[in-house]
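Take a look at the structure below.
What follows is calculated from the coordinates using simple rules that are stated; it is not laboratory data. Quick caveat, the model's predicted, so the values are computed rather than measured. Backbone-built Cβ (ideal geometry, glycine too); neighbour counts: all protein chains shown.
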2 protein chains.
Amino acid sequence: MSSERLIYLPLGGAGEIGMNAYVYGYGAPDKERYILVDLGVAFPDMDGTPGVDLIMPDIAWLRERADRLDAIFVTHAHEDHIGAVAHCYGDLGAPVYARPFTANIARRKMEEHGQPEDAVITAMPWPEQVSVGPFKVGFLPMSHSIPESAGLVIDSPTGRVVHSGDFKLDPTPIVGEAFDPDLWAEVSKPGVKALVCDSTNVFSQHPGRSEIEVAPEITKLVSGASGMVVATTFASNVARVKSLAEAGERAGRSVVLLGRAMRRMIEASMETGVLTDFPKVISPEEARDIPRDHVMLIVTGSQGERRAASAQLARGKYRGLELKQGDLFLFSSKTIPGNEKGVIRIINQLSEKGVDVVDDSSGLYHVSGHANRPDLERLHGIVDPQMVIPMHGEHRHLREHTKLAESNGRTGIVAVNGMMLDLSGNAPKVAEYIETGRTYLDGSTKIGAMDGVVRDRIRMALNGHVTVTVILDEEDEPLGEPWCDTMGLAETGNSKAALVEILEADLNQFLMRSGDKTRKDDDKLEEALRRIVRQTSQVEIGKKPEVTVVISRMR
Amino acid sequence: MSSERLIYLPLGGAGEIGMNAYVYGYGAPDKERYILVDLGVAFPDMDGTPGVDLIMPDIAWLRERADRLDAIFVTHAHEDHIGAVAHCYGDLGAPVYARPFTANIARRKMEEHGQPEDAVITAMPWPEQVSVGPFKVGFLPMSHSIPESAGLVIDSPTGRVVHSGDFKLDPTPIVGEAFDPDLWAEVSKPGVKALVCDSTNVFSQHPGRSEIEVAPEITKLVSGASGMVVATTFASNVARVKSLAEAGERAGRSVVLLGRAMRRMIEASMETGVLTDFPKVISPEEARDIPRDHVMLIVTGSQGERRAASAQLARGKYRGLELKQGDLFLFSSKTIPGNEKGVIRIINQLSEKGVDVVDDSSGLYHVSGHANRPDLERLHGIVDPQMVIPMHGEHRHLREHTKLAESNGRTGIVAVNGMMLDLSGNAPKVAEYIETGRTYLDGSTKIGAMDGVVRDRIRMALNGHVTVTVILDEEDEPLGEPWCDTMGLAETGNSKAALVEILEADLNQFLMRSGDKTRKDDDKLEEALRRIVRQTSQVEIGKKPEVTVVISRMR
């Protein structure tokens, strides 16, 4: 047996839906050459990551081995696969390979963040292969909810791995290539070691539906509408945007694209030839001069994002356009778990305006971009790998996907972030556990998820904040009384006097009584003052606030 | 026409699901005598109400008129109907009427909050009526997902109003009274002015399903399980808890009730005779000595609440019990929108333990407690009121319910919180708009939603916090350099030096250059220092923090 090995190591995406980052390596242990598949982001929320702008995988492990990283391959242009490429390029420095549409989006991102656009290299689909280090990698066209998605055929001296990327088995995807079972069978014929496979929809029991089913339903709905029509969907779902625009055109409506992401995606599709025909669009300014029953807006913000076009239109005027009684608003999208409140807020605001809302509850106006359970089984069958390694899922998805593979007599394994697998043998073997985690883009800096920064923010949000200022003279005697400022706390509590005054009185009393030993020692004094603030606040208002103590000594 | 009028005024619950509070009044304008129907809470979240304990309707309007409030009627013991009674009793002082089970729960709450238990008066069902002021009020038994729910028959000199309460049309509710169409028809026969009606499930197209349908499915599932079985549901759904316990008993399992709410609800049901037979339960300590395939836990926390039994069991050991590979966890509940992330977190934690999770996606193990669209139409038909006034819903529900009534030739109106309707005529007339809002229970104090307290907390969570301390001597000259403390901010920014040091340098530079006029004026100085902190932080870390400036003057 050779001392060289083929490894698989998820740094993100295995144990969550989001921030995908999968390392493959080949070589002698700890001397492997690496490639990285995808480098995406996840999105923050108030619950766990208030104030954070983006969540990225912690790539410390890979950064320390950047000299052995030969390339980054991006399967498609969804944010959870491409979103961290520009933010991490400085740390990794490896060339980024992607198909034309994805590369177009990647270059826009590189440019936006001051990174070299020419680090992005356009790759052609299979049978072309890119040789990097010990690997040969080919992009295998696959249908998904964005143009030019691809699986990867990763050849190493130890054998072939197929990395599915995000996919569905769509014979008629409207835009981009249909799933081609013959091509996948041909690629798999020489034998596939491992199929590393999308798990998102493993709990969906029925075969997935094609993108083409949606268009006639949208057309019917739009042609029956009498006021203005607004439709929202994921901007990257170019096929859907096209179906929506064509439905508008067929109903004699002028189409307006609202939202930066929407225009950017259509632009990239046109530039790369992914989209050859698209109805003529007009500007919001032009739309204002057209009767509202001749206008259709296609807008961003299907997940209820506060700053996107949907939310702005729901709140009031946006770019001179305003919704009214009798207009129709279509969510041609599903609500991602966690975004329900934002979406419902918009629906209620639209209801207040008298706008009729059609959402995805009927199942008519949206189809998923991911393979359902029977589709997963079908791909397992076509590729017929030695082992199935589920990825792109929370733990429950990975586990269920593994069980599904095993129920068909295949070898599967639940491999979560940080679990390095050795794929060299006939079955996957856990080689090592790597420390992984999350890095936050916070404003313009990066912070670690465990740095305590966000924990402090959450505590201030839950408990409020008190600043205590104490000035001591050369003899460590208090100069005047201690001073308190509160933020995020009730002004008065149970005793009906101002909380600040009660705190100051208690602190002063303590200071007057305290001994030299306490007053000379910054740490002791600070701790004592903090404890008093927390105790008194607990009695007064039933909360224990976060406390900043500032001790100034006149020396 | 009489100068007296009958009014309806929602203070909570009309425009949201939660914190129900509906005022009815009769008398000359501004001299009406009032009754209040329900006084509930809503639940806070990190998004909009971090650190808040409970959300209650702002009852300022009613408090100012408390001398004319004759009674509070509570339709049932769900928190969104009963949760604020004890918290607001001190402000309102009116007697609280409820049926025995609801009264039992109300008294427990009064006691817990140091309020007089005897303010709660037990009422008997229709045909009994309570006379209060100009009103006669009767409790009309109705099926819902809690025992002894009731609609209210509210008779005034101007006519009869039927307030539906929360309801479903269940002929076989397992615990409590079945819906009795003959009784409702009889009550409606003399003519009903207005039906004020639950709107929760107006978007559900099919007739609602009976509680009795769930039991056989649960029994099948539990009898097929091999490890420990855990089931969670809403503690107040006593019928469901009973079905779960009986399924356990039938499968030869000893039943453990875990969670305070679960035990409290069963206790109240027993005390009031609502529940006469319930399988024998054992303690968690006893369960530890029984083989795990002979144990069934029925636990709180179906909505993913972090401190409830479900979350604790998902995280690790709880009360000496620990879940393992091969155990079964059943969500006999639906996830309320907004709670998805918490529930999914638990499911993934259970998945990591190898526990099999069955949720409500199959529709087999849960039925709703609210009337669906066809059921609403059926009740409209039975009561046949002059007008339908939708309540208990977000704006979208109220609007849809109104449209539904109108589509059947009825008069309906969307009346949101604060909209006072005069029901004296043949159609509802908007009499007045009252300022309404939300009051937060925050620790042990109440704060107004618009006080700015919670806004400041959210800002600290998003932006972090900086404390600036400056000491000036008798001549307004700085004594030493300004001092900064940060909380919830990255330690270093773009220039790689400590953020605090850069802030202090910039502040010091400003102080040295600033003129007497600025330094003498606390407000000006504070504003200038704040601006510098925000500007420098923006450059360094791309964030504008909240700032507390403390200026100490040695005088």
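Okay, here's what the table says:
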| read-out | value |
| --- | --- |
| Anisotropy class of segment A:88-224 from Cα gyration tensor, a/c 1.5 cut | oblate |
| Peptide ranges A:344-357, B:134-147 listed from the most packed, as the mean C-beta count within 10 angstrom indicates | B:134-147, A:344-357 |
| Efficiency of FRET between B:E435 and B:A497 - r from beta-carbon atoms, R0 56 angstrom, step 0.05 | 0.65 |
| Residues in segment B:466-509 reached by a label modelled at A:A66 [backbone nitrogen below 15 Å; 7 Å Cα→Cβ] | none |
| Simple label model, 7 Å out from Cα along Cβ direction - B:D30 to B:V539, nm | 6.0 |
| Pairwise centroid distance, computed over Cα atoms, of segment B:321-350 with segment A:434-492, Å | 34 |
| Convex hull (Cα only) mean projected area of segment B:315-421, reported in nm² to one decimal | 10.1 |
| Rg/Rh for segment A:392-518, where both radii come from Cα atoms and Rh is the Kirkwood radius | 1.33 |
| Per-copy distances of the B:H294 label point, shortest first, in nm (7 angstrom along Cα→Cβ) | 8.1 |
| Gyration tensor verdict on segment A:211-362 (Cα atoms; rounded if a/c is under 1.5, prolate if a/b is larger than b/c, oblate otherwise) | rounded |
| Cα-based convex hull, segment B:464-553, per residue volume (Å³, whole number) | 76 |
| Relative packing of peptides A:4-14, A:528-538 - highest average C-beta neighbours within 10 Å first | A:4-14, A:528-538 |
| Spatial separation of Cα centroids for segment B:149-199 and segment A:43-59, in angstrom | 49 |
| Enclosed volume per residue, in Å³, of the convex hull spanned by Cα atoms of segment A:285-332 | 81 |
| Over segment B:70-155 - Rg/Rh using Cα atoms and the Kirkwood inverse-distance radius | 0.94 |
| Bins of 10 Å, starting at 0 and running to the largest distance - Cα pair percent for chain A | 3, 16, 22, 20, 15, 12, 8, 3, 0 |
| Kirkwood Rh (inverse of mean 1/r, distinct Cα pairs), the protein assembly as shown, angstrom | 32.7 |
| Length added when fully stretched, A:D277-A:E481, from 0.36 nm per residue minus Cα-Cα | 66.0 nm |
| Cα-projected label distance for B:R306 with A:K136, points at 7 Å along beta-carbon direction, nm | 5.3 |
| Helix axis angle, B:395-407 relative to chain B longest principal axis, alpha carbon, degrees | 30 |
| Residue mean of other protein chain beta carbons inside 10 Å, B:441-453 | 5 |
| Within segment A:464-553: Cβ-based charge dipole about Cα centre, in debye rounded to nearest 20 (Lys, Arg +1; Asp, Glu -1) | 500 |
| Inter-chain Cβ neighbour average for residues B:486-499, partner chain, 10 Å | 4 |
| Cβ crowding within 10 Å averaged over residues, with A:19-25, A:67-73, B:500-506 ranked highest first | A:19-25, A:67-73, B:500-506 |
| Segment A:133-182: relative contact order as a whole-number percent, Cα under 8 Å and 6+ apart | 35 |
| Entries in A:K193/A:K429; A:K543/B:K446; A:K136/A:K168; A:K544/B:K109 that, when Cα-Cα distance is taken, lie over 19 Å | A:K136/A:K168; A:K544/B:K109 |
| Structure-based [θ]222 nm, chain A - -39500 (n - 2.57) summed over DSSP H runs of at least 4, per residue, nearest 500 | -9000 deg cm²/dmol |
| Lys, Arg +1 and Asp, Glu -1 on Cβ, resulting dipole of chain B about Cα centre, debye, nearest 20 | 860 |
| Interchain or long-range residues, amide H under 5 Å from B:I389's placed H | B:L195, B:V196, B:C197 |
| Convex hull volume per residue in cubic angstrom - Cα atoms of segment B:29-87 | 99 |
| Total lysine pairs whose alpha carbons fall under 17 Å of each other in segment B:211-362 (8 or more apart, or interchain) | 4 |
